[in-house]
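The values are calculated or read from the model by the stated rules, or taken from the named source; none is laboratory data. None of the values given here were measured: they were computed from a predicted structure. Cβ atoms come from the backbone with ideal geometry, glycine included; neighbour counts cover every protein chain shown.
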């Protein structure tokens, strides 16, 4: 049994035995199971945010900002709780931070296939590459805030790059 498979089974077992609030935190942080998929959980977590992007596209800017704020607060809380539950800092299974970062990438941009695909790949690029100061943030800031904050900075980089790309193509 591979270590990743063992970790996924451990997370599922802990989730079944957890108290209600801890179970909610775990389910949110692994984004309803996307973080348990093998191989590239961050990419699966980002893909899991696409339905929220489609929802955000159908509401006004105030609702988009409100939804993003709720996701960010939920991400910080659930990431912190899940780290405590799993006794593991920034576990690979925690992917709600990718959800928050991707939504920040595409916020206030109308849905098009180009926006979706470019936003997805730009966010993953910056999240994986971690250009300055993202890597420093990841190394220095701890807890749920640290898990989420570096993805939000990657989301800002991706959002600005996406806007520039869309302007160049316009």
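Just a few scattered comments:
Okay, residues lined up against (1) buried (at least 19 other Cβ atoms within 10 Å of the Cβ); (2) over 20 Å from residue 74 (Cα atoms):
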| residue | (1), (2) |
| --- | --- |
| 109 | yes, yes |
| 113 | no, yes |
| 120 | yes, yes |
| 131 | no, yes |
| 134 | yes, yes |
| 139 | no, yes |
| 146 | yes, no |
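- Top-ranked residue in the stretch 104-117 [being assigned to a loop (DSSP other than H, G, I, E, B) and touching a residue at least 40 places away in the same chain (Cβ under 8 Å); ranked as nearest to residue 150 (Cα to Cα)]: 107
- Residue list for the stretch 85-117, restricted to those being under 13 Å from the mean Cα position of the chain (by Cα) and within 15 Å of residue 138 (Cα to Cα): 90, 91, 92, 94, 95, 97, 98, 101
For (1) over 30 Å from residue 167 (Cα atoms); (2) in a loop (DSSP other than H, G, I, E, B); (3) without any contact (Cβ under 8 Å) to a residue 24 or more places away in the chain, each residue gets a yes or a no:
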site: 68; (1), (2), (3): no, no, no
site: 102; (1), (2), (3): no, no, no
site: 121; (1), (2), (3): no, no, yes
site: 127; (1), (2), (3): no, no, no
site: 131; (1), (2), (3): no, yes, no
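- Residues in the stretch 33-45 that are farther than 13 Å from residue 75 by Cα, in contact (Cβ under 8 Å) with a residue 12 or more places away in the chain and assigned to a helix (DSSP H, G or I): 34, 35, 36, 41, 42, 43, 44.
- If you go through the stretch 21-32 and keep only what is farther than 13 Å from residue 77 by Cα and not in a helix (DSSP H, G or I), you end up with nothing.
- Listed by first and then second residue, the pairs linking a residue in the stretch 143-170 that is at positive phi and part of a helix (DSSP H, G or I) to a residue that is buried (at least 17 other Cβ atoms within 10 Å of the Cβ) and at pLDDT 95 or above, with Cβ atoms under 6 Å apart and 6 or more places separating them unless they lie on different chains, are 143/80.
- Check on residue 51, outside any helix (DSSP H, G or I) and either farther than 18 Å from residue 108 by Cβ or free of Cβ contacts under 8 Å to residues at least 60 places away in the same chain (or both): no
- Test: residue in the stretch 75-84 that is assigned to a loop (DSSP other than H, G, I, E, B), touching a residue at least 40 places away in the same chain (Cβ under 8 Å) and either farther than 29 Å from residue 108 by Cα or within 18 Å of the chain's Cα centre (by Cα) (or both): no
- Of all the numbered requirements in (1) under 19 Å from residue 21 (Cα atoms); (2) buried (at least 20 other Cβ atoms within 10 Å of the Cβ), residue 105 misses one, and that requirement is (1).
- Hey, residue 92 modelled with pLDDT under 95, part of a helix (DSSP H, G or I) and either in contact with a helix residue (DSSP H, G or I) (Cβ under 9 Å, 6 or more places away or on another chain) or farther than 20 Å from residue 147 by Cβ (or both) or not: no
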